[in-house]
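S.K.: I'd like to ask some things about the structure below.
The values are calculated or read from the model by the stated rules, or taken from the named source; none is laboratory data. Since we're looking at a predicted model, the values are computed, not measured. Here the Cβ is made from the backbone with ideal geometry for all residues, glycine too, and neighbour counts use every protein chain on show. Note: areas computed on protein heavy atoms with side chains; ligands, DNA, RNA excluded. Shrake-Rupley method; radii C 1.70, N 1.55, O 1.52, S 1.80 Å.
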Amino acid sequence: MKVGDQHYHTIWLNDDNKSVDIIDQRWLPHEFRVVTLRTIDDVAAAIREMWVRGAPLIGVTAAYGVAIAMQDDSSDAALDVVWEQLHETRPTAINLKWALDEMRGLLRPLPPGERSAAAYKRAAEIAQEDVELNRRIGLNGLKIIREIAARKKPGERVNILTHCNAGWLATVDYGTATAPIYLAAEEGIPIHVYVDETRPRNQGAQLTAWELDGHGVPHTLIVDNAGGHLMQHGQVDMVIVGTDRTTANGDVCNKIGTYLKALAAKDNNVPFYVALPSPTIDWAVRDGVKEIPIEERNGDEVSLVQGRGEDGKITRVRISPEGSPAANPAFDVTPARLITGLITERGIAEASAAGLKSLFPERT
Ligand code: MRU
């Protein structure tokens, strides 16, 4: 997508053909910075500290991390070490394990001398595949938006609510939840997006709002608690969110707060869709609430809020007493029964084992 007049991906191979450049998301929306990851420790820090974030982008970054590791040491032992080191950076997004398994599965049978080149090639392919998956999710999700628009009076806008950032910044390009939104806007459908700020890290306020603003998509930032009220008053036509891990039964793990939006949507008959590329499906897990590990992040992310001060500098301010501990579960699970449909690259599935099997018969 575009930043100013320039087309960007969120991650790309540096001109030295070894290091990897990323958009450093810690400073958005106030400063656009690109940072170069040269070592495996850089890659681990970038994922853990959320310089990059979003399940698909975490996976792609990890794939490049394996490639970076292989240029120094392409032994079996090094392959296992990098797998472990990157796997423990963030526990919930399954794309991370998917990408690490994909890389190790490809490289292990190769002679060590061939592994580095093969790793860079496959990492670039995974990045490109992500772009294509999201483009197709966009086309499938667009059909739903068109149907809603067709039921509206001429010129009346389609109101979509989204949570966290499942936009192009969370992927390599297009985004998952935002791909149908961008396509609908391009097609001239009058669209408007309610953007949940998404405490504690404010991915909605800092990233989704920045993206939509940059692409001229009408949007309004709301506090996380406003969604239920808007739905009760008929101001939301549909919800689209992303996911960090979807189970074989269609339960959806996503940013904390997603579950409450799904409950409110159910109570108000607002369709609740989840956009996801197939690497986000964890076919080994059925009951999301019981089986998905939920990342617990530092309580400082709750107690301290980052923004730009009046002096123009990016700063963090404390909003609670020094002595009050804070809990910070980063994700929650929305049971399949609350979900209207899963928008994948192969089409829209019912959120159920049967629905997913119908689109991915090879996984049965
Ligand atoms: O903690 P984050 O910012 O990595 O969480 C991101 C989300 O929860 C996204 O909604 C999810 O990864 C889907 S991104 C297409």
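S.K.: Of the numbered conditions (1) surrounded by fewer than 16 Cβ atoms within 10 Å (Cβ to Cβ); (2) within 16 Å of the ligand (Cβ to nearest atom); (3) not hydroxyl-bearing (S, T, Y), H233 satisfies every one except a single condition; which is it?
M.R.: All conditions pass for H233, except number (2).
S.K.: Looking only at the stretch 39-49, count every residue that is surrounded by 14 or more Cβ atoms within 10 Å (Cβ to Cβ) and more than 21 Å from the chain's Cα centre (by Cα) and tell me the total.
M.R.: The total comes to 1.
S.K.: Can you confirm whether L221 is open to solvent by 20 Å² or more (accessible area, probe 1.4 Å), part of a strand (DSSP E or B) and not basic (K, R)?
M.R.: Spelling it out, L221 is indeed open to solvent by 20 Å² or more (accessible area, probe 1.4 Å), part of a strand (DSSP E or B) and not basic (K, R).
S.K.: If you check T176 against the conditions, is it of a type in the set (S, T, N, Q) and within 13 Å of the ligand (Cβ to nearest atom)?
M.R.: yes
S.K.: Only one of these is within 17 Å of I137 (Cα to Cα), over 23 Å from the mean Cα position of the chain (by Cα) and not charged (D, E, K, R): S358, S324. Name it.
M.R.: Going through S358, S324 in turn, the sole match is S358.
S.K.: Could you list all residues from the stretch 8-38 that are open to solvent by 60 Å² or more (accessible area, probe 1.4 Å) and over 18 Å from A170 (Cα atoms)?
M.R.: D15, D16, N17, K18, R38
S.K.: When the residues of the stretch 236-250 are narrowed to those that are more than 14 Å from the ligand (Cβ to nearest atom) and not charged (D, E, K, R), which ends up most open to solvent (accessible area, probe 1.4 Å)?
M.R.: Per the criteria, the residue is N249.
S.K.: Please return the ranges of helices (runs of 4 or more DSSP H) entirely within the stretch 81-188 where 3 or more residues are surrounded by fewer than 19 Cβ atoms within 10 Å (Cβ to Cβ) and touching a Phe, Trp or Tyr at 6+ places or on another chain (Cβ under 9 Å). Break it down into steps so the answer makes sense when it comes.
M.R.: On the way: elements: 94-107, 112-150, 178-186.
The qualifying helices (runs of 4 or more DSSP H) are 112-150.
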